[in-house]
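K.L.:
Have a look at this one before I ask anything.
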Amino acid sequence: MKPDRWLPRLQDELAQAWAVAVKDVKVYYLQPGMIMFGFMMPFFMFFSFSVRREMAAELGVARLLALTTFFTAAAAGPFIIPLERRLGTYDRLLAAPMSLLTLLLGKAAVGAFFAIVVSAIALVIGVAVLGVAIARPWLLAVGILLGSFSFSTLGLIFGSIPTRNPGDVQMPSTLLRWGLLFISGVFIPLPEMIPAARIVAYLSPLTYAQDLMNHAVPGVGLLNPWLDIGVLLLTGILFLLPSLKMHRRSRKLGY
Amino acid sequence: MSCAIEVNDLTKFYGRPETGVLAVDHISFEVRRGEIFGFLGPNGAGKSTTQRMLTTLLEPTEGHIVINGHNLAHDAYPVKRQMGLVPEESNVYAELTAWDNLMFTAKLYRMPRSERTDRAQALLETFGLWEKRKVKVANFSKGMRRRLSIAMAIIHKPSLLFLDEPTPGLDAQSARTIQNLVRQLNAEGTTIFLTTHQIEEANQLCDRVAIINHGQIAAIDTPEQLKRTFRRVQSVEVSMEPHGQPLPDIQAELPEATSIVRQGDKWRLYTKDPALLLPQVMEYAHSHKLRVVSLSTLGPSLEDVFLEITGRQIGTVHHQTPATVSQQQNAKQTVAADET
Ligand SMILES: Nc1ncnc2c1ncn2[C@@H]1O[C@H](COP(=O)(O)OP(=O)(O)OP(=O)(O)O)[C@@H](O)[C@H]1O
Ligand SMILES: [Mg+2]
């Protein structure tokens, strides 16, 4: 196709994804489910597992940021999509002249946006209240962006399960999030893990987000930060594939 | 290319082969450009399933759909731009205002800013919602939500509008408002696909009506033609005291009754002409020393019409739900209006 054919279409699709994201932010930021699972959860997790231990403030902030990107971003998809299906508003989006990928990118942007806002709040607390210095601000910005994107598309996988009941999705998505949380190098730093556990940890994208935060805030990580960035970007894209597939399946099942 | 919609052998099977439901069973029909096409059938007939397939929301198990010359299976994008969709439940965002709901939809259809504000204002005014434009839809009544969902469906000026049962659950006034809006849109050139289970509504609004039941189309015709069929399956309902008595020779003594069915303490007598049957009933009661405690003429229920059209024995439905009763009453009015 010639650029004058696909360029306007691309502009359209981007604008539509943007419209979906902005609408979702407006509609869902005040919903109890979103506040509970998205906005409060990372802080609960942080305080229940970290506060008692002696820990440098820099490490604490790095951990908190990994948690905010992870929990907030991954909470949006499994909450919003089944709810929209139940209320029938999802049909409006599915019937609109845009591609499925555009819709999913719009939905991914919502989770990412919430995660970025909550992380920014956590960061402000860390810097202003705890007086934490950020070793590499650029890496921090990239880490929050990519982490939020990757975990948001991870959440979309659960949101794409063909059902109209948010309750059906909450269970598996919570299980997976908790599972990932405990195998990743968040609460036990990678160097302190036994080798078998470390191999498992490398399977989780959260490990790379945490490592990137460690590079960014205290300035010491274990892996190459480029590897962290590469993994988050790649998983963010790969996680879209099962969602696309399940959406096509929903169209057969009639959800 | 005079057809807005061409459907061939469209089929939808839900679920596994052993336990699933054949919701739509190889139906074929055409909707002409500029007409109001009614899709009339009782609950569970497959109306919504068909509409969801026509609007790309559901993938058919078999069959072809061509809309405005585009095959929906591999060329849905241009079709999606040209169609508007009002689903069974008003799918509006309760947390947004009426205005924001419209703006969001307009953005999904990529309308330029000035056009979308002008159009939204015009629509809100036409639909009597302009004063409420800044109110969150959560505070809207059912009728207001329905009107807003129609406004959202037509903000991008679709050439083809799908409405799934737009009036049930609304009061008579709101229902009439919506029917008038549909007429007006059609007069402005929009092709309309209207799903309904109300014979009355189909009669009043549609140029042609398809009657669907159990996933199959029994007939497609003008309301005028169908009304002839409807008239063949009118009935008289009579209750006579003392109850529970066997009624000897009733079939023979009521030649105008085409079929007689007992329903609880009432008798349902199907006929082509209630005016001829009524005196026979009175005569029968008199000669058998029965007292007629109630007697009423009923229009056809959809189920009756369907059976009549498909040539099956009428009167096989022995139970009545409140829904069918109200349909019959609607139909009765229609027939009465037609007779005058
Ligand atoms: N997603 C689904 N999965 C399984 N079966 C379904 C699904 N949707 C509808 N059905 C079944 O398909 C049949 C047709 O349903 P449909 O909703 O199309 O009927 P309808 O004519 O719109 O009825 P109503 O007047 O109640 O809206 C029904 O038996 C229904 O139970
Ligand atoms: Mg229906």
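The values are calculated or read from the model by the stated rules, or taken from the named source; none is laboratory data. Computed from a predicted model, the values in this text were never measured in an experiment. For neighbour counting, all protein chains shown are included, and Cβ atoms are generated from backbone atoms with ideal geometry for every residue, glycine included. Surface areas here come from the heavy atoms of the whole protein model, side chains and all, with no ligands, DNA or RNA. Shrake-Rupley method; radii C 1.70, N 1.55, O 1.52, S 1.80 Å.
K.L.:
Where in region A:49-130 are there trypsin sites (Lys or Arg not before Pro) that are in a DSSP coil and have at most 15 other Cβ atoms within 10 angstrom of their Cβ?
P.N.:
Counting only loop positions with at most 15 other Cβ atoms within 10 Å, the trypsin sites (Lys or Arg not before Pro) in region A:49-130 are A:ARG52, A:ARG53.
K.L.:
Another question, if that's okay. What does the net charge come to around B:VAL238 if you take all other residues with beta carbon closer than 14 Å to its beta carbon, with K and R at +1 and D and E at -1?
P.N.:
Computed value for this residue: -2.
K.L.:
Then there's this: From the convex hull of the Cα coordinates of region B:1-132, what is the mean projected area in square nanometres?
P.N.:
On the way: hull surface 41.8 nm².
Average of the hull's projected areas for region B:1-132 equals 10.5 nm².
K.L.:
Say R0 is 30 Å: what FRET efficiency, to the nearest 0.05, do B:ALA187 and B:VAL135 get from their beta-carbon distance?
P.N.:
Once rounded, the FRET efficiency stands at 0.50.
K.L.:
Modelled label-to-label distance, A:ALA141 and B:ASP171, 7 Å Cα→beta-carbon offset: nm?
P.N.:
Result for the modelled spin labels: 5.8 nm.
K.L.:
Please state the Cα pair-distance histogram of chain B with 20 angstrom bins from zero: what percent is in each bin?
P.N.:
Pairs per bin, as whole percents: 28, 49, 20, 3.
K.L.:
So what is the 222 nm mean residue ellipticity for chain B from helices alone, if each DSSP H run of at least 4 adds -39500 (n - 2.57) and you divide by all residues, rounding to the nearest 500 deg cm²/dmol? Intermediate results must be reported in sequence, preceding the final value.
P.N.:
Working: 12 runs with 130 residues, N = 340.
Roughly -11500 deg cm²/dmol at 222 nm, from the helical runs in chain B.
K.L.:
Could you quote the convex hull projected area for chain A, Cα atoms only and averaged over all directions, in nm²?
P.N.:
About 14.7 nm², averaged over all directions.
K.L.:
Hey, another quick one. Net charge around B:THR229, counting only other residues with Cβ within less than 10 Å of its Cβ (Lys, Arg = +1; Asp, Glu = -1)?
P.N.:
+1
K.L.:
Working from the alpha-carbon coordinates of the protein assembly as shown, get Rg over Rh, Rh being the Kirkwood radius.
P.N.:
On the way: Rg = 30.8 Å, Rh = 27.6 Å.
When Rh is taken as the Kirkwood radius, the ratio is 1.11.
K.L.:
Could you put B:LEU307, A:LEU145 in order of accessible surface area, largest first, with the 1.4 Å probe and the full protein assembly present?
P.N.:
Solvent-accessible surface, decreasing: A:LEU145, B:LEU307.
K.L.:
Buried accessible area for the B:A pair, summed, 1.4 Å probe, in Å² rounded to 100? Mind dumping the intermediate values first?
P.N.:
On the way: alone 16470 and 12670 Å², together 26420 Å².
Using a 1.4 Å probe on protein heavy atoms, the buried area is about 2700 Å².
K.L.:
Under a crude label model (7 Å from the Cα following the beta-carbon direction), how far is A:LEU253 from B:LYS142 in nanometres?
P.N.:
So the two model labels end up 3.0 nm from each other.
K.L.:
Taking each residue of A:92-105 in turn, how many C-beta atoms of other protein chains fall within 10 Å of its C-beta, and what is the average? Show your work: numbers first, answer last.
P.N.:
Values: counts 13, 3, 7, 14, 9, 13, 5, 1, 0, 0, 0, 1, 0, 0.
Mean number of neighbouring Cβ atoms from other chains: 5.
K.L.:
Here are some pairs, A:LYS107/B:LYS157; B:LYS227/B:LYS272; A:LYS26/B:LYS107; A:LYS107/A:LYS245; B:LYS227/B:LYS266; which of them have Cα atoms lying more than 19 Å apart in this structure?
P.N.:
Checking Cα-Cα distances, A:LYS107/B:LYS157; B:LYS227/B:LYS266 exceed 19 Å.
K.L.:
Assuming R0 = 30 Å, can you tell me the calculated FRET efficiency for the pair A:ASP168 and B:ALA94, based on Cβ-Cβ distance, to the nearest 0.05? Don't skip to the end; give the middle numbers.
P.N.:
On the way: r = 22 Å, r/R0 = 0.73.
That gives a FRET efficiency of 0.85.
K.L.:
What is the spin-label model distance, in nm, from B:GLN121 to A:ILE188 if the labels are put 7 Å beyond Cα along the C-beta direction?
P.N.:
Each label point lies 7 Å from its Cα, and together they span 6.6 nm.
K.L.:
I'd like the antiparallel share, as a percent to the nearest 5, of DSSP beta bridges with both residues in the protein assembly as shown.
P.N.:
Restricted to the protein assembly as shown, the bridges split so that about 70 percent are antiparallel.
K.L.:
Normalise the Debye intensity by I(0) for region B:134-262, one equal point scatterer per Cα, no solvent, then take log10 at q = 0.14, 0.21 Å⁻¹ and round to two decimals.
P.N.:
-0.79, -1.27
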